[in-house]
Amino acid sequence: MDKVEVIIVGAGVIGLAIAAKLSQQFDSVLVIDKNASFGEETSSRNSEVIHAGIYYPQHSLKAKLCVQGKAMLYRYCQERHIPVNKIGKLLVAHGKEEEDFLKETLISAQKNGVNDLTWLSQQALKELEPELLASAALLSPSTGIIDSHAYMQSLLAQAEQHNAMFVAQTKMLSARPTTNGFEVLFDSQGEHLAINCKYLINCAGLHSESVAHTIEELKKSHIPKLHWCRGHYFSYQGKSPFKQLIYPTPRDNGLGIHASLDMGGQLKFGPDTQYIEQLSYDFPDKLKAKFLSQVSQYFPNIDANMLQPAYAGIRPKLQGRNDSFRDFVIQTCEVHQLKGLVNLFGIDSPGLTSSLAIADYVADKLKVV
Ligand SMILES: Cc1cc2nc3c(=O)[nH]c(=O)nc-3n(C[C@H](O)[C@H](O)[C@H](O)COP(=O)(O)OP(=O)(O)OC[C@H]3O[C@@H](n4cnc5c(N)ncnc54)[C@H](O)[C@@H]3O)c2cc1C
């Protein structure tokens, strides 16, 4: 194989969703990943929550693609028998200031087309979630949880059904524009090989910035700086005290240390936010005290002995420590003038929720570039 129509760099949920979509449009699609299998980085280290699309600024890509992606994802899961549960989420407030924030959130959610939020009083909350401490909450009934591994498996199977090929343990080293696309150089288990393609899609997640720097003729001014922001999770042993997902008001560049359940009913708390310079999934010992202090604000009966370090994930953020909101960046030749190249930068949360809508967005862009 020395020539294909599309090369997708990165087999996380975004690369796989794009592969599933483009394989219906193009005869030869190649997805490569440097790891031993698909989805071994951010896509398997997240909360597995299908977000409603509540917080993002109106008209942003995050708002639009999250709301579209949520509806597409529930439909997809139903059609393909992927474990999913529209479990609902409570966004909780403590006191007047946070209640005012919830009122603003209600309005911004409506602007994004999320019209199903309801206000719950303290009394109503006590009946719904007796272990929860809050003065009021917004209930988001369209928030859910998904088995993200089963979802990625299904996307890959769908792509392969349409003759796409997935090759693991293959790292993109560089790319050079040709008259009709790119010549892309790979290291596949120590062997160097070059493959030509018409379209090159960079969805390398945490590495999308460094991958972009290896593309000849791509101006450095088009490559944004990525900030790595690690989030840790603690699992909570025993039966979950909550039936729904519990989110405090957002803080510190994240959604706050929330309580979420996985499809097996396991309760976990997290993620927090910690900007890091080196890629590492280390789990600092001192975190337990921070988690206990934040979670006990909404779950006062938390038992410290039941809290066990679980895992960490790293967000590829465009937003630095003190920056305001940054949107997804999906960059085509309209921006960088390199025909056939699509770069995806800063696909942090709600990337999992938005994945099918992002794939449609990329496919539409390829029709016009
Ligand atoms: C802590 C945390 C919680 C989150 N919670 C949620 C949530 O609840 N809901 C939600 O919607 N979103 C959530 N997200 C966001 C979501 O997980 C991401 O948006 C999504 O997984 C990004 O997928 P991706 O395919 O872009 O990246 P990745 O999954 O990181 O995939 C990129 C792939 O590119 C490969 N790669 C990189 N460089 C190369 C190279 N040179 N050659 C070959 N392959 C390469 C990597 O090996 C990797 O497999 C969360 C993220 C984090 C970190």
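The values are calculated or read from the model by the stated rules, or taken from the named source; none is laboratory data. Here the structure is a predicted model, which is why all the values come from computation and not from measurement. Positions of Cβ are backbone-derived with ideal geometry, glycine not excepted, and every protein chain shown enters the neighbour counts. Ligands, DNA and RNA are stripped out before the accessible areas are found, and what is left, the full protein with its side chains, is counted by its heavy atoms. Shrake-Rupley method; radii C 1.70, N 1.55, O 1.52, S 1.80 Å.
Filtering region 208-222 to residues that are touching a residue at least 40 places away in the same chain (Cβ under 8 Å) and either within 13 Å of the ligand (Cβ to nearest atom) or crowded, with 17+ Cβ neighbours inside 10 Å (or both) leaves Ser208, Glu209, Val211, Ala212, Thr214, Ile215, Leu218, His222. For region 170-207, the tally of residues that are among the acidic types (Asp, Glu), surrounded by fewer than 16 Cβ atoms within 10 Å (Cβ to Cβ) and either touching a Leu at 6+ places or on another chain (Cβ under 9 Å) or over 15 Å from Lys34 (Cβ atoms) (or both) stands at 1.
Summed over region 8-49, the residues that are open to solvent by 40 Å² or more (accessible area, probe 1.4 Å) and away from the ligand (no atom under 15 Å from the Cβ) give a count of 3.
Across region 305-322, a minimum of one residue is classified as open to solvent by 40 Å² or more (accessible area, probe 1.4 Å) and in a helix (DSSP H, G or I). Filter region 142-169 down to residues that are farther than 15 Å from Ala20 by Cα and surrounded by 20 or more Cβ atoms within 10 Å (Cβ to Cβ) and give me whichever is nearest to the chain's Cα centre (by Cα). Only one residue fits best here, namely Ser148. Among the candidates Leu91, Leu133, Leu120, the residue that is under 21 Å from His258 (Cα atoms), outside any helix (DSSP H, G or I) and open to solvent by 50 Å² or more (accessible area, probe 1.4 Å) is uniquely Leu133.
Restricting attention to region 50-63, report how many residues are within 6 Å of the ligand (Cβ to nearest atom) and without any contact (Cβ under 8 Å) to a residue 12 or more places away in the chain. Summing the residues that are within 6 Å of the ligand (Cβ to nearest atom) and without any contact (Cβ under 8 Å) to a residue 12 or more places away in the chain in region 50-63 gives 0. In summary, Gln237 fulfils each of the numbered conditions (1) touching a residue at least 24 places away in the same chain (Cβ under 8 Å); (2) more than 24 Å from Lys89 (Cα to Cα) with the single exception of condition (2). Residue selection: Glu5 fails the criterion of being among the charged types (D, E, K, R), near the ligand (Cβ under 8 Å from one of its atoms) and surrounded by fewer than 24 Cβ atoms within 10 Å (Cβ to Cβ). If you go through region 52-65 one residue at a time, do you hit one that is farther than 30 Å from His192 by Cα, open to solvent by less than 10 Å² (accessible area, probe 1.4 Å) and touching a strand residue (DSSP E or B) at 6+ places or on another chain (Cβ under 7 Å)? Yes - at least one qualifying residue is present in region 52-65.
Scanning region 224-252 for residues being within 27 Å of Lys339 (Cα to Cα) and more than 14 Å from the ligand (Cβ to nearest atom) gives a total of 2.
Of all the residues that make up region 269-283, how many are more than 20 Å from the chain's Cα centre (by Cα) and either surrounded by 18 or more Cβ atoms within 10 Å (Cβ to Cβ) or touching a residue at least 24 places away in the same chain (Cβ under 8 Å) (or both)?
Here is the first cut: in region 269-283, the residues more than 20 Å from the chain's Cα centre (by Cα) are 277-278, 282-283.
Narrowing further to those that are either surrounded by 18 or more Cβ atoms within 10 Å (Cβ to Cβ) or touching a residue at least 24 places away in the same chain (Cβ under 8 Å) (or both): 277, 282-283.
Residues meeting the conditions: 3.
Scanning region 273-304 for residues that are in a loop (DSSP other than H, G, I, E, B), at pLDDT below 95 and not polar (S, T, N, Q) yields Asp282, Phe283, Pro284, Asp285, Lys286.
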